[in-house]
1. Given the structure, is Asn355 modelled with pLDDT under 95 and in a loop (DSSP other than H, G, I, E, B)?
2. Among what's in region 147-158 and is more than 23 Å from Gln370 (Cβ to Cβ) and of a type outside the set (Gly, Ala, Ser), pick the residue that is farthest from the ligand (Cβ to nearest atom).
3. So which residues in region 161-193 are assigned to a loop (DSSP other than H, G, I, E, B) and either within 29 Å of Ala275 (Cβ to Cβ) or within 16 Å of the ligand (Cβ to nearest atom) (or both), if there are any at all?
4. Just name the residue that is nearest to the ligand (Cβ to nearest atom) out of those in region 255-280 that are assigned to a strand (DSSP E or B) and among the hydrophobic types (A, V, I, L, M, F, W, C).
5. Restricting to region 69-114, and then to whatever is within 16 Å of the ligand (Cβ to nearest atom) and of a type in the set (S, T, N, Q), can you tell me which residue is farthest from Ile125 (Cα to Cα)?
6. Just one of the numbered conditions (1) on the phi < 0 side of the Ramachandran plot; (2) modelled with pLDDT of 95 or more; (3) among the small types (Gly, Ala, Ser) is not true of Ser457; which one?
7. With surrounded by 14 or more Cβ atoms within 10 Å (Cβ to Cβ) and farther than 22 Å from Phe448 by Cβ as the only criterion, which of Ala28, Ala71, Ala55, Ala64 stands out?
8. As an exercise: evaluate Ile117 against (1) assigned to a helix (DSSP H, G or I); (2) over 20 Å from Val148 (Cβ atoms); (3) not assigned by TED's automatic domain parsing to the domain that holds Phe290 and give the number of the one condition it does not meet.
Amino acid sequence: MATEKRSPIELSQIEFKNAGYKLVDQLAGFFQELPEKRVTTGEASTQLKKLIGTAGLPESGKDAGVLLNDAAELLISHSLFNGHPKFTGYITSSPAPLGTLADMLAAAINPNVGAQILSPVATEIERQTIRWLAEFIGVSTESGGILVSGGNMANFTGFLAGLNTKAPSTYKQEGVPQNKKLLIYCSKTTHTWIEKAAIHFGLGLKSMRWIETNPDNTINISVLEETIALDLKNDHQPIMIIGTAGDVSTGVVDDLEKLAGVSRKYNLWFHIDGAYGIPAAVLPELKTMFRGIEEADSIALDPHKWLYSPLEAGCTLVKNPKNLQDTFSTHPVYYNFGAGEENPVHNFYEYGLQNSRGFRALKVWLVLQQVGRSGYEKMIRKNIILSKQMHKEAIDHPELEAMSQHLSIATFRYVPQDLAENSEQHNDYLNKLNETLLNNLQHDGELFLSNAVVNASYCLRACIVNFRTSENDISEMMKIIVREGRKLHSTLREKVLVV
Ligand SMILES: *Cc1c(COP(=O)(O)O)cnc(C)c1O
């Protein structure tokens, strides 16, 4: 009797269980041991290449359980861990453990959340997630939206909705008009997504009006208004203002209420890039800082930043859901996704750029329920308090110079005591010292920071979107920074500094 040949990709129930249970055990151990590990081993790419090997594409298969086990050991031994309590670099959060399991569940069921008929319950879960995110930050729950891969995509989605809504009616057929310049207004500190958008969505960089910032890094509203007025006089067509709610280098929030007012006055699309900072609007004590968000036509926010979702999860919220649909909906003849149905269908492919879509809403939806609003308030508030602690420790330490503190971002630099008096004169040296210090710290793996340039000074920057970081971690980090700063200065000063 011929034995039925099993597909090479299939796992038996027992194989699946054994591989899966083993993985869960490894991950549970990993989360437990994380605080004792180094943030990174600092291995160079050449070392890692050796580890991975140079073999070509395998001809025949291997045991799934062995492969998974080896992959888990490889990643646990050689990765950089943004879940580490002393990881405060860039804006990458510790991932919620429940989110890890949720991603596995989502992959197992594998709904295609592009079309409702392919993802009946997942579509409803994503819609509820979007309503909850709107509620979370305090904008209308009638808002539309879509989950995307991250902040760049969330901003692009809002940007395209604005472009489509405010461009001349010929836009879909003719593209961007040749005879009239469409103009976008944002502050000089806006995240780099805007350059990609201007270049690749057909407007060109000359459509950008980079508005001056005030000394506190917020957009200068009067310069904005003067620029718009002049552009109108010159027969250009302003279409969009972009405000930032949590600037990526220092965490500053623009005066969004004033930006909303200017947008209203000139009938422009008002987009807010809140990829990092806007979840802080959940805090009652910060409501005034975020006043105006309810007027935004579109908002980008990143659950994979301050909502502690595992990568990837971004979200675009749009005040009028129809704007998204008008922008992205197409109806090829081979789609049978709703024609003639009694209930209106909600096909997410009509709300964004993607067609087939994964179920990234599940992890966000589950963690929002695990934690609740009050749990998030507690964690976000704690991150801000820790950032203020860091700022204060930098102020109090004679060898540290505090530069800025907003939301959960603190910037500061190491200034050796023998240079403290005339640091002005030594700015070049201090820039070099802090840049090298950052590289050393990032490589050593005791902690992880990133950098910012504040007032032409190269600074160390910590952005705390980490539910594992404690007061003690912050104090230890500051000690490590000073210790390494001293060490570096003692070798660098002879090489670089001519005193
Ligand atoms: C992080 C960030 C982005 C980009 O988001 P990704 O998730 O990295 O794509 C855009 N704008 C701001 C303000 C950000 O903080």
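1. On the way: modelled with pLDDT under 95: no; in a loop (DSSP other than H, G, I, E, B): yes.
Judged against the criteria, Asn355 is not a match.
2. It comes out as Thr157.
3. Let us first name the residues in region 161-193 that are assigned to a loop (DSSP other than H, G, I, E, B), namely 167-170, 175-181, 188-192.
Those that are assigned to a loop (DSSP other than H, G, I, E, B) and either within 29 Å of Ala275 (Cβ to Cβ) or within 16 Å of the ligand (Cβ to nearest atom) (or both): Ala167, Gly175, Val176, Lys181, Lys188, Thr189, Thr190, His191, Thr192.
4. First pass over region 255-280, keeping only residues assigned to a strand (DSSP E or B): 269-273.
Then keep just the ones that are among the hydrophobic types (A, V, I, L, M, F, W, C); that gives 269-270, 272.
Working: Trp269: 17, Phe270: 16, Ile272: 10 Å.
The qualifying residue nearest to the ligand (Cβ to nearest atom) is Ile272.
5. Thr88
6. So Ser457 meets the others, but not (2).
7. Values: Ala28 fails: surrounded by 14 or more Cβ atoms within 10 Å (Cβ to Cβ); Ala71 fails: surrounded by 14 or more Cβ atoms within 10 Å (Cβ to Cβ); Ala55 fails: surrounded by 14 or more Cβ atoms within 10 Å (Cβ to Cβ).
Testing whether each residue is surrounded by 14 or more Cβ atoms within 10 Å (Cβ to Cβ) and farther than 22 Å from Phe448 by Cβ leaves just Ala64.
8. Ile117 satisfies all of (1) assigned to a helix (DSSP H, G or I); (2) over 20 Å from Val148 (Cβ atoms); (3) not assigned by TED's automatic domain parsing to the domain that holds Phe290 except (3).
The values are calculated or read from the model by the stated rules, or taken from the named source; none is laboratory data. Keep in mind the model is a prediction, meaning the values are calculated, not measured. Using ideal geometry, Cβ is built from the backbone for each residue, glycine included, and neighbour counts are taken over all protein chains shown.
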